[in-house]
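Comments concern the structure below.
The values are calculated or read from the model by the stated rules, or taken from the named source; none is laboratory data. These numbers come from a predicted model, not from an experiment. Ideal geometry is used to build each Cβ from the backbone, glycine not excepted, and the neighbour counts take in all protein chains shown.
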Amino acid sequence: MVDDKTKLELYRLMTLGRAVEDKLFSLYRQGRLLGAIYLGRGQEATEIGAAAALKDGDTLAPTHRDLIAQIAHGIDIHRIFMNHFGRADGPTRGRDGNTHAGDMSKGILYNISMLPDGYPVSTGIALSFKLRKQPQVAMAYCGEGATSRGDWHEALNFASIKQLPVVFIVINNKFAYSSPNETEMVIESVTARAPGYAMKSATVDGNDVIAVHEAATEAVERARGGGGPTLIEAKTMRMLGHAGHDPADYVPEELLKEWEEKDPIKAYKQRLLDESVLDEAKIAAIDEEHKAAVEEAATMAEAAPLPDGSEVSDGVYH
Amino acid sequence: MASTTNEEVTFLDAINQALREELDRDQDVFILGEDVAGYGGAFKVTKGLLDDYGPERVIDMPLAEAAIFGSAIGAALMGMRPVAEAQYADFLACGFDYIVNEAAKYHYRSGHPVPVVFRAPSGAGVRGGPFHSASPEAWFAHVPGLKVVVPGTPTDAKGLLKSAIRDDNPVVFLEHKYLYRHEKEVLPEGEYTIPLGKAEIKRQGTDLSIVTYGAMLRRSLDAADKLAERGHSVEVIDLRTIYPWDSEMILESVEKTSRALLVQEDVRTLGIMSEVGAVIADEGFESLDAPVGRVTAPDSPVPFSPPLEDAFIPSVERIVEAAEKTLAF
């Protein structure tokens, strides 16, 4: 059972995630942002629902599209804007861009473009927790596209052999860049692969934040208790292109229309209103709070200095 | 566990000693790889470690290089000091992504240390054929963020591996498999390390500087003996660390001898010595009395059949011949 306080927090995080991404998209379209953007619009329920199951000391390995999950695990949104703007005092000091941020002090890994590299890396993190007898959990995200890669399977197999405290989240958002599910696999659900690794699994409605959060919480606590890894597939829809430049005209319009109706924030807001966890005044207050926080972070980041070119080789080695 | 006897120790046992001493020193050090535990590794480098340190410090992995290297990196990010073994250096390619994209670039992007060692047996000379004989040091030396070490003696192998394990950066540590049982010597007494990034003059000379590393060190020293019989005083320098490499010592030597011959077992094009030669040409040009010479393998895969493999690996004769040409210029 998810209590009201948690329900409200999930709502707050989902809407903050969307506010941050909407601002990034707006800056991108105005030509003010540097580099690329990879938005997770439509995936907020999964991004937040799973990562919010983690506790302090647990780690999160996101992909490029899981900026919102980083918010759930505590990244300061200033870091996000600083990184997108390539600023000197950002989390990568201009060495990397977009969502390739992170915060090691909070257990948020700096993701890379190769997917699902966070899977084997998270098995290693989980191995370290086990070897050191620390009651911590590693969580790794990827899309269904990356489940085609061999190292995805290597990670699941090894995690299962050693019964590591790791939770694997697959966000099945129907497209790997432009490739639909049917060109990626012949199974209906990625979790059909779990029995091959004797791994517990769950397929959940990725637009239902409570369902995702409950499944993830169960998996995280099982892992923490020594019960081994879990594979969770959340079925959802990527509502925008692969990246900011991609109009995604390969996605059938009816499909987008269908999923627009299932917008995870809209549905959840109504549910919380029905349950009297939220009221219109609270909704407005949360929106205002997000808007102010996002504007402040974006404005500060845009005004912050760029790195000096003379630093190009600084920090290659420790 | 430090060896303090006057017995000669093989290159292989020197590496085993380094692993033992680091396992003793630091609880965060552990070993992972294929067949490294009960079997002791394909070459028996990790022999006996399972018995002495247990299955949580010496971990057998499935045949899955991405899982091995990726897991090692994950544990390193949490502050452990994993030593990951690839069964042969050729198989580093199977987990290449993790070494060159994940490990190499993590610190540059985040400022966070990645104290991981990727060990692998490299090199030709054991009739291993095209998939068990590679000298892939140039692949990794070309990736900023990695350090690359290729020792040529048991003493160096032990001291450098200990430094690699203690280093806060990812280190690719290539152990020439021919040396495992062919090189032995009495190791320094007690605890010692050898710093990364420092070359060593293995033989003093005044007429020619031979710069080399790995298994070519022995052949270069043998060539220097032959050249001495003919009245040539040859200096032999072992790079030991391939990146960052000790250009200072090489330039000082060339300033003294005015002639340089660069010897590598790896294929010719864009090998380590291509860079050493370029730096000598760039920064040591005024010292030179002759063009910088190079002895390398040809640009081909490492072949299996003995006449082919013997033609592939630079021989003492070829080194002597090239040295005489450089000396006569």
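Structural remarks
- A:Ala219 being buried (at least 20 other Cβ atoms within 10 Å of the Cβ), within 14 Å of chain B (Cβ to nearest Cβ) and at negative phi: no
- In this structure, B:Val320 does satisfy being surrounded by 16 or more Cβ atoms within 10 Å (Cβ to Cβ) and either modelled with pLDDT under 95 or under 24 Å from B:Ala224 (Cβ atoms) (or both).
- Qualifying position, being surrounded by fewer than 18 Cβ atoms within 10 Å (Cβ to Cβ) and touching a residue at least 60 places away in the same chain (Cβ under 8 Å), among B:Asp238, B:Asp222, B:Asp207: B:Asp222
- With respect to the conditions (1) within 24 Å of B:Thr206 (Cα to Cα); (2) within 22 Å of the chain's Cα centre (by Cα), B:Glu252 falls short on a single one, namely (2).
- Tally, over segment B:95-112, of residues that are within 9 Å of chain A (Cβ to nearest Cβ) and either closer than 24 Å to B:Ala124 by Cα or of a type in the set (Ser, Thr, Tyr) (or both): 5
- Remark: A:Leu60 matches the filter, which requires a residue to be under 20 Å from A:Glu218 (Cβ atoms), crowded, with 24+ Cβ neighbours inside 10 Å and within 14 Å of chain B (Cβ to nearest Cβ).
- Within segment A:212-225, not a single residue is within 19 Å of the chain's Cα centre (by Cα) and either in a loop (DSSP other than H, G, I, E, B) or at pLDDT below 95 (or both).
- Criterion applied to B:Phe43, B:Phe91 was being more than 8 Å from chain A (Cβ to nearest Cβ), within 19 Å of the chain's Cα centre (by Cα), part of a helix (DSSP H, G or I) and not aliphatic (A, V, I, L, M), and the one residue passing it is B:Phe91.
- You will find that of A:Gly102, A:Gly118, A:Gly124, A:Gly107, the residue that is crowded, with 22+ Cβ neighbours inside 10 Å, at the interface with another protein chain (Cβ under 10 Å from one of its Cβ atoms), out of contact with any strand residue (DSSP E or B) (no Cβ under 6 Å at 6 or more places or on another chain) and within 27 Å of A:Phe158 (Cβ to Cβ) is A:Gly124 and no other.
- In segment A:152-169, residue surrounded by the fewest Cβ atoms within 10 Å (Cβ to Cβ) [restricted to those that are at the interface with another protein chain (Cβ under 10 Å from one of its Cβ atoms) and not in a helix (DSSP H, G or I)]: A:Lys162
- Failed item in (1) more than 10 Å from chain A (Cβ to nearest Cβ); (2) buried (at least 22 other Cβ atoms within 10 Å of the Cβ); (3) not acidic (Asp, Glu), with B:Pro82 passing the rest: (1)
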